[in-house]
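Asker: Take a look at this one; I'll ask things after.
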Amino acid sequence: GNTYRMIEQDDFDINTRLHTIVRGEDEAAMVESVGLALVKLPDVLNRLKPDIMIVHGDRFDALALATSAALMNIRILHIEGGEVSGTIDDSIRHAITKLAHYHVCCTRSAEQHLISMCEDHDRILLAGCPSYDKLLSAKNKDYMSIIRMWLGDDVKSKDYIVALQHPVTTDIKHSIKMFELTLDALISFNKRTLVLFPNIDAGSKEMVRVMRKKGIEHHPNFRAVKHVPFDQFIQLVAHAGCMIGNSSCGVREVGAFGTPVINLGTRQIGRETGENVLHVRDADTQDKILQALHLQFGKQYPCSKIYGDGNAVPRILKFLKSIDLQEPLQKKFCFPPVKENISQDIDHILETLSALAVDLGGTNLRVAIVSMKGEIVKKYTQFNPKTYEERINLILQMCVEAAAEAVKLNCRILGVGISTGGRVNPREGVVLHSTKLIQEWNSVDLRSPLSDTLHLPVWVDNDGNCAALAERKFGQGKGLENFVTLITGTGIGGGVIHQHELIHGSSFCAAELGHLVVSLDGPDCSCGGRGCIEAYASGMALQREAKKLHDEDLLLVEGMSVPKDEAVSAAHLIQAAKLGNVKAQSILRTAGTALGLGVVNILHTINPSLVILSGVLASHYIHIVKDVIRRQALSSVQDVDVVVSDLADPALLGAASMVLDYTTRRIC
């Protein structure tokens, strides 16, 4: 834009206008622009004969000005030197520092950097950023009319995004890719966004092409503009839900308002930032940027005064008046240490984000702290009480203890995920009907008491669905569009992933795979039916058959014993089969065949690309299941792979994945 008009509006006389920008927006055009300025500036400076030349910032046109003034023995006062950002701007800024005679810096670290660059401490003023003088007095003005003018009448304060991204001249190709991913993430995030065109640095033409290829200028959620007057821009960023991009404005000025900022790439990599700035150093897909948007959007941080307290201009005026125009221009030198800068980083946050996972089994109640990478940081186990009152109190107690421990372990808990047996309404967080293994567990609202106690969001689903979610995030289903998980444990359950999403069904009864009927005349099932897979292949079914054999003295073989105080279990049946008990082997073969027929039905109905057998019995059934598929399945599905899960705790990991996936995506 023609920003010189802002100078005229402030009643300043412009003595000379120089047109020095060579069109082209590439590296050569930047060099030619500097060269053209160097050709034109000597005549202007000879005519004006300034006592002091004030040079601001780190732009290439400022470098031309500082070079000309230094060679013509004109004193230079450089504003905003000593800062560290990234790209060619660093080199230009520091080059101007070496040419300048006096320095006005914005932060204590910048002051230390100037000193370590051999600049004379007596010629350095720590004033703060001049723009903060205006920023800190601007927020209370009428702003809604400005928001409506630039973003539309239906936009509310804190419910829109300001995006400002420039090319990185030292890595143009990568910066264009980052810009493309940013636009993809903003489109997915689906919030009204004001996008400012990039500056004229090399690579800007390509960035504009990306905007137009994605239809940003015509997209209903976007407003694309080339320039916003500074006074109005202040109001827009002050009341935005978030600012995203790689402009120095985001990491410097916006901190005055506590507006959340996402700083992308390396352009501002060394800048001092307040806690409102979240860095995304690099990204291969839009996902990391999208996660950052979900983490930042709508937050309100404390106002930062790293870059100033609103009194920079009076300090600078006093400093200017103190300069002795008769003193020599020769510099002095000194070498102090550099103060290290610390800031937030998205990769560090993703490593420490964690979930509380709860697994309600028929015997045990388990709570675990699970990291974003699927690591179980700490696990707690108690016997599952028999009554509702005791059970809910124990869950609350264990979760409170785990949340307190998470703080000590430097884990940021995002929410609670609960895996439980029975039919669950995940939208309401309610257990509708439980299995017979968990008593007093029908029509139970799990979400409310935990959310009220822990002040965290809570997700609930049944154990079969959680096993599928665990495989999708951490296991062999990762990256697959369609697969099925079957749990073989005390009961038989499962989960179906279709087009990357979990299928719940119209009444939350989808994937009750244990109750697929494989025989009309089969044994009774706990559901009230007959011939279900669970009636043949579950741990309860194997225990039932083991007891029958034991009662008939047909279970134990040489090398086996069952103590009198120990109940006969499925484990004894499996042990007997391994030791050569023919009847036990026959029972396991029948159970595996029933499970195999169920898998064949699944292959014919859903046609997944993978079937994952999970649970303690999976390894005992896998070969029988594959044999049944070879004999019974249609040829078109016989190539579908059936594997044993390699996850040790699918219920806990699945419960955690509900939190880790959905909190970072803000899906409730």
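Asker: Quick one: order H78, H166 from most to least accessible surface, probe 1.4 Å.
Answerer: Numbers: H78 0, H166 25 Å².
Ranking H78, H166 by accessible area, largest first, yields H166, H78.
Asker: Using the C-alpha gyration tensor of region 3-128, what are the square roots of 5 times its eigenvalues, in whole angstrom, with the largest one first? It would help to have the intermediate numbers written out before the result.
Answerer: Values: eigenvalues 117, 65, 44 Å².
Whole-Å semi-axes of the equivalent ellipsoid: 24, 18, 15.
Asker: For the chain, what is the convex hull volume of the alpha-carbon atoms per residue, in Å³?
Answerer: Values: hull volume 132.6 nm³, N = 668.
In the chain, the Cα hull volume divided by residue count equals 199 Å³.
Asker: Run the helix sum for the chain: -39,500 (n - 2.57) per DSSP H stretch of 4+ residues, divided by residue count, reported at 222 nm to the nearest 500 deg cm²/dmol.
Answerer: On the way: 23 runs with 268 residues, N = 668.
Result for the chain: -12500 deg cm²/dmol, rounded to the nearest 500.
Asker: How big is the charge dipole of region 47-95 about its Cα centre, in debye rounded to the nearest 20, if each Lys and Arg gets +1 on its Cβ and each Asp and Glu gets -1 on its Cβ?
Answerer: On the way: 5 positive and 7 negative charges, 72 e Å.
Using only the charged Cβ atoms, the result is roughly 340 debye.
Asker: Next up: What pairs in K98/K321; K214/K299; K158/K226; K214/K288; K98/K177; K386/K473 have C-alpha atoms more than 24 Å from each other? Before the final figure, lay out each step's value.
Answerer: Working: K98/K321 22 Å; K214/K299 28 Å; K158/K226 22 Å; K214/K288 20 Å; K98/K177 34 Å; K386/K473 32 Å.
Distance filter (> 24 Å) returns K214/K299; K98/K177; K386/K473.
Asker: Report, in degrees rounded to the nearest 10, the 0 to 90 angle that the Cα long axis of helix 463-474 makes with the longest principal axis of the chain.
Answerer: Its long axis makes an angle of about 40 degrees.
Asker: Mind checking the dipole of region 1-103: about its Cα centre, +1 per Lys or Arg Cβ, -1 per Asp or Glu Cβ, Debye to the nearest 20?
Answerer: Values: 10 positive and 16 negative charges, 89 e Å.
I would put it at about 420 debye.
Asker: Something else about it: Need one number: nm distance between label points at V562 and N442, each 7 Å from Cα along Cα→Cβ, rounded to one decimal.
Answerer: The two pseudo-label positions are separated by 3.2 nm.
Asker: Find how much the distance from T352 to K305 grows on full extension, using 0.36 nm per residue of separation minus their present alpha carbon separation; answer in nm with one decimal. Display every interim value, and only then the final one.
Answerer: Details: separation 47, 0.36 × 47 = 16.92 nm, distance 2.78 nm.
Gain on stretching T352 to K305: 14.1 nm.
Asker: What Kirkwood radius, in Å to one decimal, follows from the Cα pairs of region 140-296?
Answerer: Values: mean 1/r = 0.0648 Å⁻¹.
Averaging 1/r across every pair of different Cα atoms and inverting gives 15.4 Å.
Asker: Quick one: compute a quarter of the convex hull surface over the Cα atoms of region 256-310 and quote it in nm². Could the numbers behind the result be given before it?
Answerer: Numbers: hull surface 16.0 nm².
Its Cα hull, projected and averaged over all orientations, spans 4.0 nm².
Asker: Hey, another quick one. Long-range amide H contacts for H166: which residues qualify at under 5 Å (H placed 1.01 Å from N, peptide plane, sequence gap of 5 or more or a different chain)?
Answerer: Here the answer is N246, S247, since their amide H atoms fall under 5 Å of that of H166.
Asker: Would you mind pulling out the separation of the Cα centroids of region 442-521 and region 239-296, in Å?
Answerer: Region 442-521 and region 239-296 have Cα centres separated by 36 Å.
Asker: A follow-up question, please. Taking only the alpha-carbon positions of region 427-489 and ignoring solvent, what does the Debye formula give for the base-10 log of I(q)/I(0) at q = 0.14, 0.19, 0.26 Å⁻¹?
Answerer: -0.56, -0.87, -1.05
Asker: Would you work out the charge dipole size for the chain about its Cα centre, treating the Cβ of every Lys and Arg as +1 and the Cβ of every Asp and Glu as -1, and quote it to the nearest 20 debye?
Answerer: Details: 70 positive and 77 negative charges, 171 e Å.
The calculated dipole for the chain is roughly 820 debye.
Asker: Per residue, how much accessible area does the chain have with a 1.4 Å probe, in Å²?
Answerer: 46 Å²
Asker: Then there's this: Could you tell me the largest-minus-smallest coordinate of the C-alpha atoms of region 349-475 on each of the three principal axes, in descending order and whole angstroms?
Answerer: Computed over region 349-475, the largest-to-smallest principal extents equal 40, 29, 25 Å.
Asker: While we're on this one: How many percent of the accessible area of region 423-581 is carbon or sulfur, using a 1.4 Å probe? The partial results should precede the final answer.
Answerer: Numbers: 3660 of 7550 Å².
Result for region 423-581: 49 percent of the exposed heavy-atom area is carbon or sulfur.
Asker: Largest first, please: the extent of the C-alpha atoms of region 476-646 along each principal axis, to the nearest Å.
Answerer: 51, 32, 29
Asker: Any idea how far the Cα center of region 596-668 sits from the one of region 138-180, in Å?
Answerer: Each part's Cα centre sits 45 Å from the other's.
Asker: Taking the chain as the reference, fit the longest principal axis to its C-alpha atoms, fit the long axis of helix 60-71 to the helix C-alpha atoms, and give the angle between the two in degrees, 0 to 90, nearest 10.
Answerer: Roughly 40 degrees, rounded to the nearest 10.
Asker: So which trypsin sites (Lys or Arg not before Pro) in region 541-627 end up in coil per DSSP with only 13 or fewer other C-beta atoms within 10 Å?
Answerer: K564
Asker: Of all beta bridges DSSP finds with both residues in the chain, what is the antiparallel percent, to the nearest 5?
Answerer: On the way: 29 of 80 bridges.
Counting only bridges with both partners in the chain, antiparallel ones make up about 35 percent.
Asker: Another question, if that's okay. For region 36-165, what does the relative contact order come out to in percent, with C-alpha contacts under 8 Å and a separation of six or more?
Answerer: Values: 162 pairs, mean separation 22.5, N = 130.
That works out to 17 percent.
Asker: Right, another one. Mind pulling the angle between the C-alpha long axis of helix 27-48 and the longest principal axis of the chain? Nearest 10 degrees, somewhere in 0 to 90.
Answerer: 30 degrees
Asker: Quick check: at a probe of 1.4 Å, how many percent of the accessible area of region 3-128 sits on carbon and sulfur atoms? Before the final figure, lay out each step's value.
Answerer: On the way: 3190 of 5930 Å².
Whole-percent figure for carbon plus sulfur exposure: 54.
Asker: How much net charge surrounds V484 when only other residues with a Cβ under 14 Å from its Cβ are counted (Lys, Arg +1; Asp, Glu -1)? Mind dumping the intermediate values first?
Answerer: Numbers: positive: R472; negative: E471, E481, E501, E512, D641.
The answer is -4.
Asker: For region 570-668, what Kirkwood radius comes out of the mean inverse Cα-Cα distance, in Å?
Answerer: On the way: mean 1/r = 0.0647 Å⁻¹.
Result for region 570-668 stands at 15.4 Å.
Asker: Which distance in Å, rounded to a whole number, links the C-alpha centroids of region 404-422 and region 59-120?
Answerer: Region 404-422 and region 59-120 have Cα centres separated by 49 Å.
Asker: Now for a different question. Of P220, V195, Y301, which is farthest along the charge dipole of region 171-304 in the positive direction, counting Lys and Arg as +1 and Asp and Glu as -1 at C-beta?
Answerer: With unit charges placed on the Cβ atoms, the residue in question is P220.
The values are calculated or read from the model by the stated rules, or taken from the named source; none is laboratory data. Everything quoted here is computed from the prediction, not taken from an experiment. With ideal geometry, Cβ positions are generated from the backbone for all residues, glycine too; neighbour counts draw on all protein chains shown. Calculation scope for accessible area: heavy atoms of the full protein, side chains included, ligands and nucleic acids excluded. Shrake-Rupley method; radii C 1.70, N 1.55, O 1.52, S 1.80 Å.
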